[in-house]
Amino acid sequence: MSIAENLAEVNETVRATALSAGRNPAEVRLVAVSKTWPADRIAEAAAAGQIIFGENKVQEILEKVPALPDHLEWHLIGTLQKNKVRKVLPLCAMIHSIDSLSLAERVNRIAEDLELRPRLLLQVNVAGDEAKSGFSPEKIREEFETILALPRIEVAGLMTVPAFADDLEEVRPFFAQLRSLRDELVEKHDCALPELSMGMSHDYRIAIEEGATLVRVGSSIFGQRDYSQG
Ligand SMILES: *Cc1c(COP(=O)(O)O)cnc(C)c1O
């Protein structure tokens, strides 16, 4: 299958899943995860109408943005090192992976320098898995007010990457927990957190059923990634 055909199928699945969950399909946006794929494959997806692309490495964003059409939107979905904030900030429409207060403060400071106001998501490790990055639910409750007060960033919502599970019903509670944490923060701090970034190729249907507004889908669009090329 071509990238255009894969994209059409994923878009149709997103639409049908949203409808059957009683949601408006327009509330769910597809982030095509293009990490490891060269610009010509991304151009194919763009020609088929895809606008939002997700990358997990700053270096790949720096290389790909100049090679592709200007109307595309780039989302950083992987760990952001503090020394790369300045380079990547002007190129990203959204950063999904803010995983500490100190990173949020750093982004805020640099956004001020660059006169930007980036849209950010706070990455939450809902399972409390120590090997994974992200705020624990306790930490985010503790630090949310401080983050919300940073003037040069817009906290647009939450993101999570649950551990892979063959049985999809095992991941559903993590998505549900992210949504209820969002609802709790909105209520407590009287703020808007419209975005929930959750769901990948194998589990985005479940994520949509649990309220995802951004699904991050790579291999179902581009095929299996090959990491052997480095
Ligand atoms: C790679 C990646 C994805 C996409 O994964 P697929 O299984 O290829 O859909 C989604 N989110 C994050 C954070 C990723 O790193």
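The values are calculated or read from the model by the stated rules, or taken from the named source; none is laboratory data. Bear in mind the structure is a predicted one, so any value in this text is a computation, not a measurement. Using ideal geometry, Cβ is built from the backbone for each residue, glycine included, and neighbour counts are taken over all protein chains shown. Each accessible area value is taken on the protein alone, full model and side chains, heavy atoms only, with ligands, DNA and RNA left out. Shrake-Rupley method; radii C 1.70, N 1.55, O 1.52, S 1.80 Å.
What to note about this one:
- Residues (in a helix (DSSP H, G or I) and exposed (fewer than 15 other Cβ atoms within 10 Å of the Cβ)) located in region 149-172: LEU168, GLU169, GLU170
- Hits in region 182-221 (condition: part of a strand (DSSP E or B) and within 13 Å of the ligand (Cβ to nearest atom)): SER197, LEU214, VAL215, ARG216, VAL217
- Per the listing SER136, SER219, the residue uniquely among the polar types (S, T, N, Q), more than 30 Å from GLN50 (Cα to Cα) and over 15 Å from the mean Cα position of the chain (by Cα) is SER136.
- Among residues of region 107-120 that are among the β-branched types (Val, Ile, Thr), those with a beta-carbon under 8 Å from a residue that is open to solvent by 100 Å² or more (accessible area, probe 1.4 Å) at least six positions away or on a different chain give the pairs ILE110/ARG86.
- Taken over region 56-69, residues that are within 13 Å of the ligand (Cβ to nearest atom) and small (Gly, Ala, Ser) amount to 0.
- Qualifying residues in region 109-125 (those that are open to solvent by 40 Å² or more (accessible area, probe 1.4 Å) and more than 25 Å from MET198 (Cβ to Cβ)) - the one nearest to the ligand (Cβ to nearest atom): LEU116
Condition check ((1) out of contact with any Cys (no Cβ under 6 Å at 6 or more places or on another chain); (2) more than 15 Å from the ligand (Cβ to nearest atom); (3) modelled with pLDDT under 95) across all residues:
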| site | (1), (2), (3) |
| --- | --- |
| VAL33 | yes, no, no |
| ILE42 | yes, no, no |
| GLY54 | yes, no, no |
| HIS71 | yes, yes, no |
| LEU76 | no, no, no |
| LEU89 | yes, yes, no |
| ALA93 | yes, yes, no |
| ILE98 | yes, no, no |
| VAL107 | yes, yes, no |
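- Residues of region 90-103 that turn out to be open to solvent by less than 10 Å² (accessible area, probe 1.4 Å) and more than 19 Å from LEU214 (Cβ to Cβ), as a count: 1
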